1. Would you check which residues across segment 203-231 are outside any helix (DSSP H, G or I) and surrounded by fewer than 20 Cβ atoms within 10 Å (Cβ to Cβ) and list them?
2. Please identify the pairs in which a residue from segment 284-313 that is within 11 Å of ILE268 (Cβ to Cβ) has its Cβ atom under 7 Å from the Cβ atom of a residue that is of a type in the set (Gly, Ala, Ser), counting only partners at least 6 apart or on another chain.
3. What pairs can you find where one residue is in segment 183-195 and more than 18 Å from SER149 (Cα to Cα) and part of a loop (DSSP other than H, G, I, E, B), the other is at pLDDT below 95 and not charged (D, E, K, R), and their Cβ atoms are less than 6 Å apart, with a gap of 6+ or different chains?
4. Name the single residue that is surrounded by the most Cβ atoms within 10 Å (Cβ to Cβ) among those in segment 59-78 being within 18 Å of GLN91 (Cα to Cα) and hydroxyl-bearing (Ser, Thr, Tyr).
5. So, in segment 303-339, of the ones that are of a type in the set (S, T, N, Q) and in a helix (DSSP H, G or I), which residue ends up nearest to the ligand (Cβ to nearest atom)?
6. Is there a residue in segment 57-73 that is outside the structural domain of GLU423 (by TED's automatic domain parsing) and within 21 Å of the chain's Cα centre (by Cα)?
7. Quick check, is MET84 crowded, with 20+ Cβ neighbours inside 10 Å and part of a loop (DSSP other than H, G, I, E, B)?
8. Could you figure out which of (1) surrounded by fewer than 21 Cβ atoms within 10 Å (Cβ to Cβ); (2) not assigned by TED's automatic domain parsing to the domain that holds THR288 isn't true of ILE160?
Amino acid sequence: MIEKNEYYSVEFTDMTHDGMGVCKVEGFPIFVENALKGEKADIKIVKVNKSFGFGRLIEITSESPFRKRPICDHFSECGGCNLMHMNYQMQLDFKRYRTRQTLKRLGKIETEVNETVGMTNPYYYRNKTIIPFGEENGKMVSGLYRKRSHEIVDMKKCFIAPKTATDIVKFMKNVFVELNIPAYNEEIGSGVIRYLQIRNSYKFDDTSIVIVTKTPKLPKKDIIIKKIINKFDNVVSIVHNYNPKDGNRVLGKKSKVIYGEDFIRDEINDVHFKISHRSFYQVNPEQTESLYAKALEYAELNENDIVIDAYCGIGTIGLSAANQVKTVLGVDVVKKAISDANQNAENNNIKNTKFVVGKAENVIKSWKNFKISTLFIDPPRKGVHKEFLETLVSMQIPKVVYISCNVSTLARDLNYLKSQGYEVLETTPFDMFPQTSHIETVTKLRLTKQG
Ligand SMILES: C[S@@+](CC[C@H](N)C(=O)[O-])C[C@H]1O[C@@H](n2cnc3c(N)ncnc32)[C@H](O)[C@@H]1O
């Protein structure tokens with residue numbers, strides 16, 4: 001019987017989905033942070049549950065050749081980059097392995113899982129950075145959350161956000177301190193500043209800043225704007241968002257553009273996009289170009305295709321496909337994303353698309369009488385709504401391409417589609433989130449048995 005505070009010498013034989021090393025002590029699985037498969041180490045048991053426990057690394061006695069010294073000083077405390085202790089090839093192999101295992105275990109899917117498509121430089125890739133503000137010992141702090149907590153690690157540097165985002169955060173913190181505008185203190189419910197959201201364009205130099213406050217007013221607004229635009233000439237949009245509600249949601253319902261316009265410009269695979277502060281936009285633009293190219297390849301498009309882009313955001317996939325097909329129909333639940341999508345079609349002189357606001361599971365029913373040949377699905381982490389899946393099966397859509405940011409829900413949905421006559425032909429993981437355990441995949445499906 002294993003007990004807390006005991007010490008063991010172990011060998012790690014597997015890894016959890018979030019990158020912890022897995023070893024067995026007397027046949028009992030123990031998860032240990034910062035340990036790699038293949039390593040031997042001395043550990044201390046820190047928690048024992050009914051069927052598994054947690055340990056702390058005391059000393060590595062045999063180190064993996066794939067271990068890398070994390071380049072970030074915040075690695076041990078920050079909850080952001082949990083794979084930074086693996087070299088990059090190991091991160092890519094880990095993601096391929098996890099995809100294959102999850103599809104097999106949860107979805108009973110045995111399909112070809114290709115090598116993970118990685119980046120040449122897997123740092124500074126995020127085009128959107130959300131930074132919480134808080135107080136520690138009476139001082140303002142801004143950064144990322146400490147692992148499994150709501151405490152903020154005061155950020156000196158970040159290796160996955162672009163350097164300009166880190167510069168803006170540091171600058172804004174000094175401005176708030178100088179103007180005596182306090183951060184929101186969650187515990188006592190007082191203060192003003194909750195978050196900064198910073199978005200950068202990949203192809204242009206545009207940057208937008210959203211200042212989220214607990215209070216309906218942003219104090220000394222005009223001075224803040226002046227200071228920002230004097231310092232950063234690439235800032236094209238500043239938005240004040242009021243979020244009085246407790247909880248993890250970053251943006252509140254009410255926003256006001258206080259400088260410039262509500263968008264930044266960007267370009268993916270030669271299509272121009274305007275992205276407003278609320279619209280979903282893939283966070284790694286360089287990888288997005290390859291991800292969409294693979295999605296279009298899997299769709300094997302032709303000029304007679306009538307295509308649905310479900311969960312379309314600002315229409316990025318549908319607009320990338322538009323010049324190869326007859327018609328694109330897109331749907332997203334966010335009103336502003338759809339107005340961006342229609343505007344983006346107009347700006348690119350694309351005339352064969354129609355994007356509508358609504359829940360995908362409802363809107364798809366109104367397209368039942370179109371002869372849909374191809375469906376792109378790119379749902380949020382919770383996966384595709386069951387009603388949507390049932391409708392797509394009843395419509396007998398022959399070509400389906402499923403883009404997913406959560407392999408567990410992908411496995412569940414593919415299992416259902418397989419049971420309804422779809423063959424899962426292959427999956428390619430894309431490393432959209434280097435240094436972290438998040439996995440993005442594109443999967444090719446074809447209807448092989450008619451219902
Ligand atoms: C992972 S994003 C994909 C966006 C887009 N395809 C892209 O690549 O940028 C998921 C999108 O699903 C939308 N969404 C969430 N639930 C939805 C629902 N029930 N019906 C339609 N859209 C939904 C979100 O607003 C978000 O834009």
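The values are calculated or read from the model by the stated rules, or taken from the named source; none is laboratory data. If you're wondering where the values come from, they're calculated on a predicted model, not measured in any experiment. Quick reminder, even Gly has a Cβ in these numbers, built from the backbone with ideal geometry, and neighbours come from all protein chains shown.
1. If the condition is that a residue be outside any helix (DSSP H, G or I) and surrounded by fewer than 20 Cβ atoms within 10 Å (Cβ to Cβ), then LYS203, PHE204, ASP205, THR215, PRO216, LYS217, PRO219, LYS220 are the ones that fit.
2. Listed pairs, sorted by first residue: TYR292/SER320.
3. Once the first residue is more than 18 Å from SER149 (Cα to Cα) and part of a loop (DSSP other than H, G, I, E, B) and sits in segment 183-195, its partners that are at pLDDT below 95 and not charged (D, E, K, R) give GLY191/TYR184; GLY191/ASN185.
4. Within segment 59-78, the match that is surrounded by the most Cβ atoms within 10 Å (Cβ to Cβ) is SER64.
5. THR316
6. yes
7. In short, yes.
8. Among (1) surrounded by fewer than 21 Cβ atoms within 10 Å (Cβ to Cβ); (2) not assigned by TED's automatic domain parsing to the domain that holds THR288, the lone unmet condition for ILE160 is (1).
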